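Each reported figure results from applying straightforward, stated rules to the coordinates on display, with no laboratory input. Everything quoted here is computed from the prediction, not taken from an experiment. We place every Cβ from the backbone using ideal geometry, glycine too, and count neighbours over all the protein chains shown.
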Amino acid sequence: MISVISGTNRVGSNSSKIAKHYFKVLNEMEAEVKYFSLEDLNGVTIEAEMYSADKQDPKVAKLQEEAFFPADKLIVIVPEYNGGVSGIFKWLIDAISIREKDKNFKGKKVCLVGVASGRAGNLRGLDYLSSCLQYLGMTVFSHKLPLSQIGKVIKEDGTIDDFSAQVIKQQITDFIAF
């Protein structure tokens, strides 16, 4: 199974729109796929107990059990926040590393997609996230996709421009074969 994860808890984000496009394309390709958004973590509190496996927040445990445990592969769409990734995504990695870390990450393959309004498409964030995920034992797919000037990629009607849609479909095809 492939888990597609929108890596921000911002409601209605561009990352969410891109992640839903990935989910749609994978469904059209008849891949076994599930969509997850970190919007589902809104309301989770940060406290010292989160670093205890038996006191994990139920929303975090549910996301871990449905998105990470059963997945062979993950596609993670992360927005650029201050030259990196969203704090909520890094926080999630830390939070689920406490309970069955290897079952979450080790030996799994991950495809990374950066979303940014600027010109670099979150390349710095993708490099940083690659290092973190490789440290946890994941294999990072080499074709990372930085989606720059996202306001031009996502058209007014919510669809993706033709060129970007073509590049995304090729990335997905290559990742499935990976």
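Things to note:
- If you go through the range 79-94 and keep only what is under 24 Å from G12 (Cβ atoms), of a type outside the set (V, I, T) and part of a helix (DSSP H, G or I), you end up with G87, F89, K90, W91, L92.
- Selected residue (criterion: nearest to E28 (Cα to Cα)) from residues of the range 143-178 that are in a loop (DSSP other than H, G, I, E, B) and in contact with a Gly (Cβ under 9 Å, 6 or more places away or on another chain): K144
Let's see how each residue does on (1) among the basic types (K, R); (2) within 26 Å of G151 (Cβ to Cβ); (3) touching a residue at least 40 places away in the same chain (Cβ under 8 Å); (4) in contact with a strand residue (DSSP E or B) (Cβ under 9 Å, 6 or more places away or on another chain):
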site: G83; (1), (2), (3), (4): no, yes, yes, no
site: R99; (1), (2), (3), (4): yes, no, yes, no
site: V115; (1), (2), (3), (4): no, yes, yes, yes
site: G118; (1), (2), (3), (4): no, yes, no, no
site: L129; (1), (2), (3), (4): no, yes, yes, yes
site: Q134; (1), (2), (3), (4): no, no, no, yes
site: T139; (1), (2), (3), (4): no, no, no, yes
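- From the list S130, S86, the one residue that fits, being within 22 Å of M1 (Cα to Cα) and either touching a Gly at 6+ places or on another chain (Cβ under 6 Å) or surrounded by 14 or more Cβ atoms within 10 Å (Cβ to Cβ) (or both), is S130.
- Subset of the range 1-32 (residues that are in contact (Cβ under 8 Å) with a residue 40 or more places away in the chain, part of a loop (DSSP other than H, G, I, E, B) and either of a type in the set (K, R) or closer than 17 Å to K169 by Cβ (or both)): R10, M29, A31
- Residue within the range 33-44 that is assigned to a loop (DSSP other than H, G, I, E, B), surrounded by 12 or more Cβ atoms within 10 Å (Cβ to Cβ) and touching a Ser or Thr at 6+ places or on another chain (Cβ under 9 Å) present: no
- Residue list for the range 98-142, filter: farther than 23 Å from I18 by Cα and part of a loop (DSSP other than H, G, I, E, B): I98, R99, E100, K106, G107, L136, G137
- Residue match in the range 97-113 (condition: in contact with a helix residue (DSSP H, G or I) (Cβ under 6 Å, 6 or more places away or on another chain) and basic (K, R)): yes
- Subset of the range 45-77 [among the β-branched types (V, I, T) and either under 16 Å from the mean Cα position of the chain (by Cα) or not in a loop (DSSP other than H, G, I, E, B) (or both)]: V60, I75, V76, I77
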